[in-house]
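The values are calculated or read from the model by the stated rules, or taken from the named source; none is laboratory data. Remember, it's a predicted structure, so these values are computed and weren't measured experimentally. Reconstructed Cβ throughout: ideal geometry from the backbone, glycine too, with neighbour counts over all protein chains shown.
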């Protein structure tokens, strides 16, 4: 079946630095990918929609200058957390839409970010 | 406002017993409906989905869900639970833009 891969699965960074998380669709082309954030023992909240070849669409309350999203190809979207702060520590998870008739959303394994 | 409600925060069930997880939604139109399962520290695995057609949907791992339009519900069921079913279960709802809204999740504990 379709697979979505995220890298890295875990990352620790220092406050003030930037960290990039990759989301790849391994065996299908994803014109649309989505980025979610999940705090411990809470549900997932949509952060932004990533569209190949165009600017990402951010949900209300999400800082686009802090969470930079790039969807450079049909199989790769990246989320860069800039000038990270401890409150950015969270589980970030991406999903990709397989649109070839099956119209299914597949999620990546998620990435744990800890900012120290 | 659009919302997804999973009324049960935590359910404990004996191995071999049946399981039902509730999901209710409030949307302006009939949305697409999904159930996902998440093991600790892991990503989400799709159990099943409903877009249209037969309101009883079969999924993986022996799960099924029934869409009831009149009740705005999409409850997940499994006739006989295995210890490996212990996990967090999320109901998700979206429209044709595929932006999903998630319920708060239900934690399932399986006792021997």
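Can you name the residue in region A:19-38 that is touching a strand residue (DSSP E or B) at 6+ places or on another chain (Cβ under 6 Å) and in a loop (DSSP other than H, G, I, E, B) and is also nearest to residue B:104 (Cα to Cα) among such residues? Of everything passing the filter in region A:19-38, A:30 is nearest to residue B:104 (Cα to Cα). For region A:23-42, the set of residues classified as under 15 Å from residue A:6 (Cβ atoms) and crowded, with 17+ Cβ neighbours inside 10 Å consists of A:23, A:24, A:25, A:30, A:33, A:34, A:35, A:36, A:37, A:38, listed by residue number.
Please enumerate the residues belonging to region B:71-112 that are within 14 Å of chain A (Cβ to nearest Cβ) and either without any contact (Cβ under 8 Å) to a residue 40 or more places away in the chain or in a loop (DSSP other than H, G, I, E, B) (or both). Answer for region B:71-112, where residues must be within 14 Å of chain A (Cβ to nearest Cβ) and either without any contact (Cβ under 8 Å) to a residue 40 or more places away in the chain or in a loop (DSSP other than H, G, I, E, B) (or both): B:95, B:96, B:97, B:98, B:99, B:100, B:103, B:104, B:105. Of the residues screened, residue B:33 is one that is within 12 Å of chain A (Cβ to nearest Cβ), in contact with a strand residue (DSSP E or B) (Cβ under 9 Å, 6 or more places away or on another chain), assigned to a strand (DSSP E or B) and under 28 Å from residue A:33 (Cα atoms).
From the set of residues in region B:49-62 that are outside any loop (DSSP other than H, G, I, E, B) and in contact (Cβ under 8 Å) with a residue 24 or more places away in the chain, which is farthest from residue A:111 (Cα to Cα)? Top of the filtered list is B:50.
Every condition in (1) at pLDDT 95 or above; (2) more than 12 Å from the chain's Cα centre (by Cα); (3) within 30 Å of residue B:10 (Cβ to Cβ) is met by residue A:35 except one, and the failing one is (2). When each of A:91, A:67 is tested for being surrounded by 16 or more Cβ atoms within 10 Å (Cβ to Cβ), under 30 Å from residue B:9 (Cβ atoms) and at pLDDT 95 or above, the lone residue that passes is A:67. State whether the residues of region B:7-21 include one that is surrounded by 12 or more Cβ atoms within 10 Å (Cβ to Cβ), part of a loop (DSSP other than H, G, I, E, B) and either within 11 Å of chain A (Cβ to nearest Cβ) or in contact with a helix residue (DSSP H, G or I) (Cβ under 9 Å, 6 or more places away or on another chain) (or both). Looking through region B:7-21, at least one residue is surrounded by 12 or more Cβ atoms within 10 Å (Cβ to Cβ), part of a loop (DSSP other than H, G, I, E, B) and either within 11 Å of chain A (Cβ to nearest Cβ) or in contact with a helix residue (DSSP H, G or I) (Cβ under 9 Å, 6 or more places away or on another chain) (or both).
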